[in-house]
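Below: the structure, in structure tokens.
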């Protein structure tokens, strides 16, 4: 059977997710290491309820969300490997792509922590534009409206029934009045991620990536920017450089995976965001969830 390990990004975090894995080998060591790099107690942040008065202690702050998700996901995947499990290939949604690259031995753990610190700070400081989730729409109408609207792009093409748009506040407000959909929800984010609004942060991120060694992956990785199976370290670097300014093509990623009828998708992370997308978008595919220390099998 073909086994695809998939790793979620922002939006899958939840209070208590660190507690679910703290008994696993290396969990506390990794949280302590990353906490020193980020200069705050990341384990504690995972356990705190949201505190609007101290945004730097909020798990939903991009600066905290990305590293906390990576820590949870990396501990889970390494313990799966230690128990004899391994994927045929890997994929990740936004931040999850970095976890996928770590899983495939493209990056060391330490390089990932440093990389995520740079990435999350650049994204948190973007300060331009916003995002909105769109659920239950006509795809043709959506594509036509996006094509004719300035300052709007599809940031996350999550499935045939769900997308996330990035754009200016005004363009998003106007778009909400034109599109027919079940739900249009503005998101509380610090910028228009995965869009041309991220050009300046993306340039800085690309410069930083020049300092990171990309190893040959131990198994294929599907990237957000160009969803195909890739074993080339230089190409994976190019795709990651392009990720911040371009949309996450998760619908196409699922379609690519589903070409194999003997497929088992395993979501590794604190919640079932990607599993839910796969269940609604794909038919007759085996899907499992690994999210805690008592769930290290599938």
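The values are calculated or read from the model by the stated rules, or taken from the named source; none is laboratory data. Note that the structure is a prediction, hence the values are computed from the model and not measured. Here the Cβ is made from the backbone with ideal geometry for all residues, glycine too, and neighbour counts use every protein chain on show.
Can you tell me which residues in segment 182-191 are at pLDDT 95 or above and touching a helix residue (DSSP H, G or I) at 6+ places or on another chain (Cβ under 8 Å)? Of everything in segment 182-191, just one residue is at pLDDT 95 or above and touching a helix residue (DSSP H, G or I) at 6+ places or on another chain (Cβ under 8 Å), namely 184. Going through segment 237-263 one residue at a time, which ones are more than 22 Å from residue 195 (Cβ to Cβ) and in contact with a helix residue (DSSP H, G or I) (Cβ under 7 Å, 6 or more places away or on another chain)? Listed by number, the list holds a single entry, 263.
Tally time: how many residues in segment 24-43 are part of a loop (DSSP other than H, G, I, E, B) and closer than 21 Å to residue 80 by Cβ?
Taking segment 24-43 as the starting set, the residues that turn out to be part of a loop (DSSP other than H, G, I, E, B) are 24-26, 39-41.
From what is left, the residues that are closer than 21 Å to residue 80 by Cβ are 24-26.
Residues in segment 24-43 being part of a loop (DSSP other than H, G, I, E, B) and closer than 21 Å to residue 80 by Cβ: 3 in total.
Please state which one of 279, 237, 186 is over 28 Å from residue 61 (Cα atoms) and either under 18 Å from the mean Cα position of the chain (by Cα) or not in a loop (DSSP other than H, G, I, E, B) (or both).
Working: 237 fails: over 28 Å from residue 61 (Cα atoms); 186 fails: over 28 Å from residue 61 (Cα atoms).
279 is the lone residue from the list that is over 28 Å from residue 61 (Cα atoms) and either under 18 Å from the mean Cα position of the chain (by Cα) or not in a loop (DSSP other than H, G, I, E, B) (or both).
Number of residues in segment 142-168 that are in contact with a strand residue (DSSP E or B) (Cβ under 9 Å, 6 or more places away or on another chain) and either part of a helix (DSSP H, G or I) or within 11 Å of residue 197 (Cβ to Cβ) (or both) equals 11.
Which condition number does residue 150 fail, the rest of (1) in contact with a helix residue (DSSP H, G or I) (Cβ under 7 Å, 6 or more places away or on another chain); (2) crowded, with 18+ Cβ neighbours inside 10 Å; (3) free of Cβ contacts under 8 Å to residues at least 60 places away in the same chain being met? Going through the list (1) in contact with a helix residue (DSSP H, G or I) (Cβ under 7 Å, 6 or more places away or on another chain); (2) crowded, with 18+ Cβ neighbours inside 10 Å; (3) free of Cβ contacts under 8 Å to residues at least 60 places away in the same chain, residue 150 breaks only (2).
Here are some residues: 37, 3. Which one is surrounded by fewer than 23 Cβ atoms within 10 Å (Cβ to Cβ), modelled with pLDDT of 95 or more, touching a helix residue (DSSP H, G or I) at 6+ places or on another chain (Cβ under 6 Å) and within 30 Å of residue 247 (Cα to Cα)?
Numbers: 3 fails: touching a helix residue (DSSP H, G or I) at 6+ places or on another chain (Cβ under 6 Å).
Selected residue: 37, the only one of 37, 3 that is surrounded by fewer than 23 Cβ atoms within 10 Å (Cβ to Cβ), modelled with pLDDT of 95 or more, touching a helix residue (DSSP H, G or I) at 6+ places or on another chain (Cβ under 6 Å) and within 30 Å of residue 247 (Cα to Cα).
If you take the residues of segment 115-141 that are part of a helix (DSSP H, G or I) and out of contact with any helix residue (DSSP H, G or I) (no Cβ under 7 Å at 6 or more places or on another chain), which of them is surrounded by the most Cβ atoms within 10 Å (Cβ to Cβ)? Looking at the filtered set, the residue picked out is 141.
For segment 103-114, give me each residue that is within 16 Å of residue 211 (Cα to Cα) and either crowded, with 19+ Cβ neighbours inside 10 Å or not assigned by TED's automatic domain parsing to the domain that holds residue 211 (or both).
Matches in segment 103-114: 106, 107, 112, 113.
Can you find even one residue in segment 110-132 that is at pLDDT below 95, farther than 24 Å from residue 205 by Cβ and in contact with a strand residue (DSSP E or B) (Cβ under 7 Å, 6 or more places away or on another chain)? No, segment 110-132 contains no residue that is at pLDDT below 95, farther than 24 Å from residue 205 by Cβ and in contact with a strand residue (DSSP E or B) (Cβ under 7 Å, 6 or more places away or on another chain). The residues on offer are 21, 67, and the sole one that is modelled with pLDDT of 95 or more, under 20 Å from the mean Cα position of the chain (by Cα) and in a loop (DSSP other than H, G, I, E, B) is 21.
Name the residue that is modelled with the lowest pLDDT, counting only residues in segment 46-64 that are in a helix (DSSP H, G or I) and more than 19 Å from the chain's Cα centre (by Cα).
Among those residues, the one meeting the criterion is 55.
State which residue is surrounded by the fewest Cβ atoms within 10 Å (Cβ to Cβ) when the search covers only segment 243-261 and only residues that are out of contact with any strand residue (DSSP E or B) (no Cβ under 6 Å at 6 or more places or on another chain) and touching a residue at least 40 places away in the same chain (Cβ under 8 Å). So, considering only residues that are out of contact with any strand residue (DSSP E or B) (no Cβ under 6 Å at 6 or more places or on another chain) and touching a residue at least 40 places away in the same chain (Cβ under 8 Å), the one surrounded by the fewest Cβ atoms within 10 Å (Cβ to Cβ) is 252.
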